[in-house]
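**Student:** Attaching a single structure in structure tokens format; questions to follow.
The values are calculated or read from the model by the stated rules, or taken from the named source; none is laboratory data. Keep in mind it's a predicted model, so treat the numbers as computed, not measured. Using ideal geometry, Cβ is built from the backbone for each residue, glycine included, and neighbour counts are taken over all protein chains shown. With ligands, DNA and RNA removed, areas are computed over all heavy atoms of the protein, side chains included. Shrake-Rupley method; radii C 1.70, N 1.55, O 1.52, S 1.80 Å.
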Amino acid sequence: MKTKFLLLAALAMFFAMPINAQKKLFTLEDLNFGGTNYHNMRPKSMYLTWWGDQLMFLDAEEGGTIDKKGVKKPLFNINDLGDEWHSAMNAQYPYAQQPWVLLSNDKERMLYDFKRKQVVWRQEIKAGESNQKWNKTTRALAFTRDNQLFVRDAEGRETQLTTDGSRQIVYGEAVHRNEFGIMEGLFWSPDGLRLAFYRMDQTEVSDYPQVNIDPRVAEEEPDKYPMAGMTSHKVTVGVYDMQSGKTIYLQAGDPSDRYFTNIAWSPDSKTVYMFELNRDQNDCRLVSYNAADGQRISELYRETSTKYVEPQNPIVFLPWDDTKFIMQSQKDGYNHLYLFNNKGEELKQLTSGSWVVMDVLGFNEKQQSIVIASNECHPLQRNLFSVSVKTGKRTRLDNGQGVHRGILSATGQKLYDKFSTPTTPNIIDMVTLGNKPTTQTLLTAPDPWADYVQPIFENGSIKAADGVTDLYWRMVKPADFDPTKKYPTVVYVYGGPHAHNVEASWHWYSRSWETYMAQKGYICFILDNRGSENRGRDFEQATFRQLGQVEMQDQMRGVEFLRSLPYVDMERLGVHGWSFGGFMTISLMTNYPDVFKVGVAGGPVIDWKWYEVMYGERYMDTPESNPEGYAKTSLISKAKDLKGKLQIIIGYNDPTCVPQHTLSFIKACVEAGTQPDLFVYPGEGHNMMGHASVHLHERITQYFEDYLK
């Protein structure tokens with residue numbers, strides 16, 4: 001009887017509890033990408049691709065078709081492939097008319113006929129091969145091994161193209177430190193018979209002395225690091241002809257202090273196109289070359305600027321007209337599409353308006369249209385449109401909400417669309433393009449956080465320091481937020497080019513660490529200042545030659561907004577950011593020392609003269625041509641102004657923001673008598689990888705717990 005009474009009492013207490021008391025609390029193992037439970041906390045998704053116009057799925061051990069209702073039909077299984085395939089596999093369907101899947105792992109690639117259940121073709125992958133680029137037409141593979149460039153044909157015959165490769169002479173890799181949209185260094189022609197490739201001579205580039213501490217006696221492992229104003233590398237572009245076995249180089253002239261970007265081929269594989277920039281990055285030219293002999297054919301386009309021109313995308317030819325191509329430029333103030341012919345004549349501007357074309361997904365040949373992603377609906381959104389090449393008419397292909405990422409089928413008549421909204425974790429639709437696009441939902445993901453106490457996510461806008469421009473913010477509040485209380489608040493900041501922190505995706509694009517902090521009783525505030533991406537040329541270039549200055553002015557408008565909120569405790573205001581955000585964190589801590597009590601700066605830039613040539617000079621020019629700007633933005637002279645508690649965290653082997661930045665600032669603080677804290681991750685680069693990221697974010701959190709709360 002007594003036991004029954006106690007049970008009833010316990011049940012009564014349980015149902016009387018607030019709903020949040022019945023839910024779980026997050027840990028960093030749940031929230032951080034390096035955490036042990038992180039994979040269970042991500043919204044459910046599907047790994048999809050196209051075989052022609054047939055949608056295909058790929059799971060860990062099988063692949064097959066998926067119909068418009070989301071029903072899967074397996075066509076092959078990892079057990080069909082042999083013992084060496086009992087690991088993760090990559091699958092592609094390069095031939096729309098053949099039932100062949102291209103599978104690859106670290107030992108081989110094969111074409112597997114999933115209807116006949118047999119291997120059609122296979123190619124060995126040897127140890128040490130990197131930068132692999134395969135061509136579906138000839139099935140030839142280009143790759144690098146031991147610093148040299150090779151091509152292996154479909155029959156397995158291997159040809160070594162170079163002999164002088166080294167850490168000084170680099171072949172087949174991305175150059176110019178991955179700026180200008182460059183992500184690779186090998187480019188097959190459409191017919192698969194010619195290979196264009198980068199050659200980067202960095203003999204005269206200074207070594208930065210990175211150190212490996214793992215051996216008994218630490219060893220030097222230097223990086224080639226061209227700092228702003230110093231000698232840069234020299235890039236040339238070679239073309240190898242598989243039929244003749246010969247290699248020629250494009251005759252582009254002296255490569256000194258020039259950038260060659262966004263390589264593209266003509267549909268007939270006879271011409272190579274690339275954008276060429278001067279070192280000042282204010283004079284950009286599209287030039288064509290004969291692929292057979294490397295001779296310069298013509299300059300098709302030129303764009304100049306008083307600040308900088310930044311080509312990010314290669315030209316793309318129309319599939320139905322080999323004489324016309326699409327070029328992207330923000331010459332009218334926003335990134336838009338332009339139609340040119342192969343003589344370099346601009347035929348028309350295809351898109352226009354105070355919004356940005358964010359991506360070109362491909363073409364619909366039947367409708368003769370281009371499928372794009374843009375933020376035309378709202379600056380915080382990413383929506384999909386079809387653009388008629390003939391009329392310029394745009395047809396929206398999605399629901400007009402949230403952030404959408406689509407992949408087109410081979411003909412462009414279908415696409416699958418993964419999207420989220422601030423309150424929707426993930427939805428996958430299949431869209432059939434036509435005069436009136438039709439949509440079929442394949443997946444609606446449940447909220448993976450449903451069993452947890454979730455914070456409050458809010459969004460809004462304020463005016464920039466210019467009093468005109470709209471800036472968008474996100475705020476994350478504790479689940480039990482009480483407007484009558486005052487909360488310690490952390491401003492999270494990045495603020496630099498080619499990035500944004502706020503968008504209309506799930507939770508307003510919130511970083512999971514913000515949820516962890518809200519759970520501990522903090523408010524987190526995030527603002528995208530001028531200088532960040534997807535808002536147009538003038539918005540981005542407002543920071544030219546004075547990085548950090550306009551950005552701080554805008555961030556302080558955010559602080560004024562926080563000051564207007566009765567529940568924000570301005571006596572307990574912190575700031576945190578990484579990389580450019582680390583630079584911003586220390587800038588704010590030292591320029592406004594009476595505002596921010598605590599800061600955590602990760603991988604910070606301290607003085608732009610120690611940053612690399614391509615990025616640094618684009619936004620700051622050289623130290624010699626802009627001494628006032630470099631002096632104004634340097635944080636060395638600000639070391640004396642530090643008042644609050646500041647922790648700096650770096651990877652000991654950071655190749656992006658080299659340790660000289662932080663060590664020089666620490667030295668300046670010692671001389672000035674100020675007291676920052678420093679934590680170093682040995683062996684780590686610019687970001688902490690794997691489970692080290694969990695440790696990192698616990699350390700960041702604990703610093704605010706110790707000194708802000």
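**Student:** Which peptide among 289-297, 662-670 comes first, and what is the full order, when sorted by highest mean count of other Cβ atoms within 10 Å?
**Tutor:** Top to bottom by mean Cβ count within 10 Å: 662-670, 289-297.
**Student:** Also: So, for the range 631-702, what is the accessible surface per residue at a probe of 1.4 Å, expressed in square angstrom?
**Tutor:** 43
**Student:** Measuring with a 1.4 Å probe in the full set of protein chains, what accessible area per residue, in whole Å², belongs to the range 338-417?
**Tutor:** 42
**Student:** On to the next question. So what are the three principal axis dimensions of the range 415-542 from its Cα atoms, in whole Å, longest to shortest?
**Tutor:** The Cα atoms of the range 415-542 stretch 52, 44, 21 Å along their principal axes.
**Student:** When volume of the Cα convex hull per residue in Å³ is calculated directly from the model, which label among (i) 170; (ii) 230; (iii) 208 fits?
**Tutor:** From the options (i) 170; (ii) 230; (iii) 208, the structure gives (iii).
**Student:** Which percent, nearest 5, of DSSP beta bridges in the chain are antiparallel?
**Tutor:** Here the share of antiparallel DSSP bridges comes out near 85 percent.
**Student:** Which whole-number value in Å² is the accessible area per residue of the range 180-289, probe 1.4 Å?
**Tutor:** 41
**Student:** Follow-up. By average Cβ neighbour count within 10 Å, what is the ranking of 456-467, 371-382 from highest down?
**Tutor:** 371-382, 456-467
**Student:** Would you list which lysines come within 28 Å of K390, measuring only between C-alpha atoms, while excluding same-chain residues fewer than 8 positions from it?
**Tutor:** Straight-line reach from K390, under 28 Å: K270, K324, K331, K343, K348, K366, K414, K436.
**Student:** Starting from 0.36 nm per residue, how many nanometres of slack lie between K632 and K126 once their C-alpha separation is accounted for?
**Tutor:** Fully extending the segment from K632 to K126 adds 177.0 nm.
**Student:** For the chain, what is the charge dipole size about the Cα centre, in debye to the nearest 20, if Lys and Arg each add +1 at the Cβ and Asp and Glu each add -1 at the Cβ?
**Tutor:** Around 2000 debye, computed over the chain.
**Student:** Same structure again: Decide, for the range 132-202, between rounded, prolate and oblate: order the square roots of the alpha carbon gyration tensor eigenvalues as a ≥ b ≥ c, take rounded if a/c falls under 1.5, and otherwise choose prolate if a/b is larger than b/c, else oblate.
**Tutor:** Oblate shape, in that a/c is at least 1.5 and b/c is the bigger or equal ratio.
**Student:** Which order, highest average first, do 40-49, 389-398 follow once you tally other Cβ atoms within 10 Å for each residue and take the mean per peptide?
**Tutor:** Top of the packing list down: 389-398, 40-49.
**Student:** Can you bin the range 232-390 into rounded, prolate or oblate? Criterion: square roots of the alpha carbon gyration tensor eigenvalues sorted a ≥ b ≥ c, rounded for a/c under 1.5, prolate for a/b above b/c, oblate for the rest.
**Tutor:** Oblate, since a/c reaches 1.5 and b/c is not below a/b.
**Student:** Along the charge dipole of the range 636-691, which of H661, H686, G673 sits closest to the positive end, that is, farthest toward it, with unit charges on the beta carbon of Lys, Arg, Asp and Glu (+1, +1, -1, -1)?
**Tutor:** Comparing the listed Cα positions along the dipole, G673 ranks first.
**Student:** Taking the alpha-carbon centroid of each part, what is the distance from the range 577-606 to the range 283-318 in angstrom?
**Tutor:** Each part's Cα centre sits 39 Å from the other's.
**Student:** Please work out whether the range 533-683 counts as rounded, prolate or oblate from its C-alpha gyration tensor, where a ≥ b ≥ c are the square roots of the eigenvalues and a/c under 1.5 means rounded, while otherwise a/b larger than b/c means prolate and anything else oblate?
**Tutor:** Here the range 533-683 falls in the oblate category.
**Student:** Determine the share of the range 263-319's accessible area contributed by carbon and sulfur atoms, expressed in whole percent, with a 1.4 angstrom probe.
**Tutor:** 41
**Student:** Turning to a different aspect of this structure: Considering only protein heavy atoms, with the full assembly of protein chains and a 1.4 angstrom probe, order Y208, Y509 by accessible area, largest first.
**Tutor:** Y509, Y208
**Student:** Here is a further query. Volume per residue, Å³, of the convex hull around the alpha-carbon atoms of the range 601-701?
**Tutor:** 102
**Student:** Can you send over the carbon and sulfur percentage of the accessible area for the range 173-223, probe radius 1.4 Å, protein chains only?
**Tutor:** C and S fraction of accessible area: 45 percent.
**Student:** Here's another thing I want to ask about it. Can you check what the net charge comes to around K477, using other residues whose Cβ is under 14 Å from the Cβ of K477 (Lys, Arg +1; Asp, Glu -1)?
**Tutor:** Local charge sum for K477: -1.
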